[in-house]
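J.: Have a look at this one before I ask anything.
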Amino acid sequence: MHGRVAITRCADYNGADVYSAVKKTIDLLGGIKRFVKEGETILIKPNLLAAKPSEAAVTTHPSVVKSVIELVREAGATPVVGDSPGMGSARRIAEKCGIMQVCTETGTKFMELKELITVENPSGHTFRRLDVAREALDVDGIVNLPKLKTHAQMYLTLGVKNLFGCVPGKRKPQWHLSAGVDSLYFAGMLLDLYLFLKPRLTVIDGIVGMEGNGPGNGDPRALGLVIGGANAVAIDTVIAEILGTEADKVPVLKAAKRLGIKGSDIAGITVLGERIEDARVTGFRFPPLSSVNFASRLPYPLDRSLRKALTSRPHIDTRKCTLCNACVTVCPAEVMSKSNRITIDYDNCIRCYCCQEICPHGAITPKEGWLKKIIPGF
């Protein structure tokens, strides 16, 4: 078998109910002491994408973080909470979403993952060197706490993708630029990073997830699920099944299957607790299939107008745009500029959707080319 994944119901973020659901999920997997030993220091790694309130479903909910802090302490270990967002301060984001309050209440250290080091990764499938935050390596182990969300570039951001937060924010744009328009290449980096960091446990906050224009400006969607396991690839595979999408539409899972990484085959996963059939979500709204999955297969000399018609691109809604310049600042390819409006050089845009991810006003969405809309299978 290629992993065990536990699924537990939880209707809302009532503190006692969340603790009970998180504990039940971990108990199904063998209990917290299977993953955490007495005397260890454990990094709890939530999703801290942007400074928005917890009800926006952009970040891991503080009650989930608090539950894991308590369980790590019960195992006799010392928890610390940390992340590195693509833009802005992790501390400020934690204050806005309520996680800092939880850290204060429980006496838990919060730290920014910010000291960049380059490490050798000789067993990497795609990358033999990786950029990582030293703080993520100076602990005994990691407990990974993602939020279940859609993602314009990667379709879904779940267990594997959440570890990208262990790359210091200032280095993230360079990784996007290195990957260019090839989402599978970027997914390979995410998988190498996940396999290098080896989080001991992943617990997904799917009590309220995000659908639509994720990961920062989608719509909250009540799902009522806590999903956990030691193998984040297996967790991501199970969630794709629950949400009713094909694993091949999720670049991380498609890459994992090509590379033969354990957990990418639903048939090899043992599901504990709730059955997948009973946990299924109907009508979940995904983003348009990312252009990078398709555009990377097009011959580059293809006529420019035809290429645009066949690919998706980030689209700016001028009614919502406040010209805050966040998208211009974060753009890895430096193809965005600001005058009386934001403009994008689509010929050189790598379709990483960093601009869409970071926009604080939801003014950027993926827009499909007109011809791509009518071609079946894309």
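J.: Give, to the nearest whole percent, the P(r) tail of the chain beyond 34 angstrom, counting all Cα pairs. Walk me through the intermediate numbers first.
T.: Details: 15519 of 71253 pairs.
Roughly 22 percent, rounded to a whole number.
J.: With a cap of 16 neighbouring Cβ atoms within 10 Å, and only residues DSSP puts in a loop, list the trypsin sites (Lys or Arg not before Pro) found in the range 109-143. Don't jump to the answer; show the numbers that get you there.
T.: Details: sites: K109, K114, R128, R129, R134; in loops: K114, R128.
Hits after loop and neighbour filter: K114, R128.
J.: At 1.002 mPa s and 20 °C, plugging the Kirkwood radius over alpha-carbon pairs of the range 1-59 into Stokes-Einstein gives what diffusion coefficient in µm²/s?
T.: Values: Rh = 14.0 Å.
Value of D from the Cα-based Kirkwood radius: 153 µm²/s.
J.: Taking amide H positions as placed 1.01 Å from N in the peptide plane, with prolines and chain starts having none, which residues 5 or more places from I269, or on another chain, fall under 5 Å of its amide H?
T.: H2
J.: Working out 0.36 nm times the residue gap between E38 and D219, then minus their Cα-Cα distance, what length gain in nm do you get to one decimal? List each step's numbers first, then the result.
T.: On the way: separation 181, 0.36 × 181 = 65.16 nm, distance 4.00 nm.
Length gained between E38 and D219: 61.2 nm.
J.: Note the full-extension length gain between H315 and T106 as 0.36 nm times their separation in residues minus their Cα-Cα distance, in nm to one decimal. Let's see the in-between values first.
T.: On the way: separation 209, 0.36 × 209 = 75.24 nm, distance 4.27 nm.
Taking 0.36 nm per residue and subtracting the Cα distance, the gain is 71.0 nm.
J.: Ok, one more. Where does each of 138-151, 226-239 land if you order them by average Cβ count within 10 Å, highest first?
T.: Taking the mean over residues of other Cβ atoms within 10 Å, the ranking is 226-239, 138-151.
J.: For E241, what accessible surface area do you get with a 1.4 Å probe? Give it in Å², rounded to 10.
T.: About 70 Å², ignoring ligands and nucleic acids.
J.: Tally Lys/Arg at +1 and Asp/Glu at -1 over every other residue whose Cβ is under 11 Å from the Cβ of D83; what's the total? Working shown, then result.
T.: Working: positive: K45, R91, K114; negative: E112, E135.
Once all neighbours under 11 Å are counted, the net charge is +1.
J.: Right, another one. Quote the charge dipole size of the chain about the Cα centre in Debye, to the nearest 20; the model charges only the Cβ of Lys and Arg (+1) and of Asp and Glu (-1). Display every interim value, and only then the final one.
T.: Values: 49 positive and 38 negative charges, 157 e Å.
Charge dipole, the chain, about its Cα centre: 760 debye, nearest 20.
J.: R0 = 41 Å: FRET efficiency of E95 with S337, Cβ-based, nearest 0.05?
T.: Working: r = 32 Å, r/R0 = 0.78.
About 0.80, to the nearest 0.05.
J.: Same structure, new question: Taking the solvent-accessible surface of protein heavy atoms with a 1.4 Å probe, what is the per residue accessible area of the chain in Å²?
T.: Details: 15240 Å² over 378 residues.
That works out to 40 Å² per residue.
J.: A follow-up question, please. Report the semi-axes of the equivalent ellipsoid for the range 129-284 in whole Å, largest first, where each axis is √(5λ) for an eigenvalue λ of the Cα gyration tensor. Show your work: numbers first, answer last.
T.: Details: eigenvalues 111, 60, 50 Å².
The answer is 24, 17, 16 Å, longest axis first.
J.: Can you give me the distance in nm between label points at Y346 and S20, each placed 7 Å from the Cα along the Cα-to-Cβ direction?
T.: 5.3 nm
J.: Right, another one. Keeping all protein chains in the complex and leaving out DNA, RNA and ligands, what accessible area do you get for R285 with a 1.4 Å probe, in Å² to the nearest 10?
T.: My reading of the accessible area for R285 is about 100 Å².
J.: Another question, if that's okay. In the structure displayed, which of K114/K254; K114/K198; K52/K320; K37/K66; K96/K170 lie more than 23 Å apart, Cα to Cα? Show your work: numbers first, answer last.
T.: Details: K114/K254 30 Å; K114/K198 19 Å; K52/K320 17 Å; K37/K66 19 Å; K96/K170 21 Å.
Pairs exceeding the cut-off: K114/K254.
J.: OK, next. Please list the non-local residues whose amide H lies under 5 Å from the amide H of I261, H modeled 1.01 Å from N, same-chain partners needing a gap of 5 or more.
T.: It is none; the list stays empty.
J.: Could you check which residue among S63, S339, S264 shows the biggest mean-square fluctuation in a GNM of the chain with a 10 Å Cα cutoff?
T.: S339
J.: Turning to a different aspect of this structure: Report the FRET efficiency, 1/(1 + (r/R0)^6), for L259 and E120, where r is their Cβ-Cβ distance and R0 is 22 Å, rounded to 0.05. Each step should come with its number before you reach the end.
T.: Numbers: r = 19 Å, r/R0 = 0.88.
Calculated transfer efficiency: 0.70.
J.: So, one more: In the chain, carbon and sulfur make up what percent of the accessible area (probe 1.4 Å)? If you can, show how the numbers build up before the last one.
T.: Working: 7520 of 15240 Å².
Using a 1.4 Å probe with all protein chains present, the chain comes out at 49 percent carbon and sulfur.
J.: How long are the semi-axes of the equivalent ellipsoid of the range 32-141, defined as square roots of 5 times the Cα gyration tensor eigenvalues? Whole Å, largest first. Could the numbers behind the result be given before it?
T.: Details: eigenvalues 113, 81, 26 Å².
Calculated on Cα positions only, the semi-axes equal 24, 20, 11 Å.
The values are calculated or read from the model by the stated rules, or taken from the named source; none is laboratory data. Here the structure is a predicted model, which means the values were calculated and not measured. Reconstructed Cβ throughout: ideal geometry from the backbone, glycine too, with neighbour counts over all protein chains shown. Just so you know, the surface numbers come from the protein's heavy atoms only, side chains and all, with ligands and any DNA or RNA stripped out. Shrake-Rupley method; radii C 1.70, N 1.55, O 1.52, S 1.80 Å.
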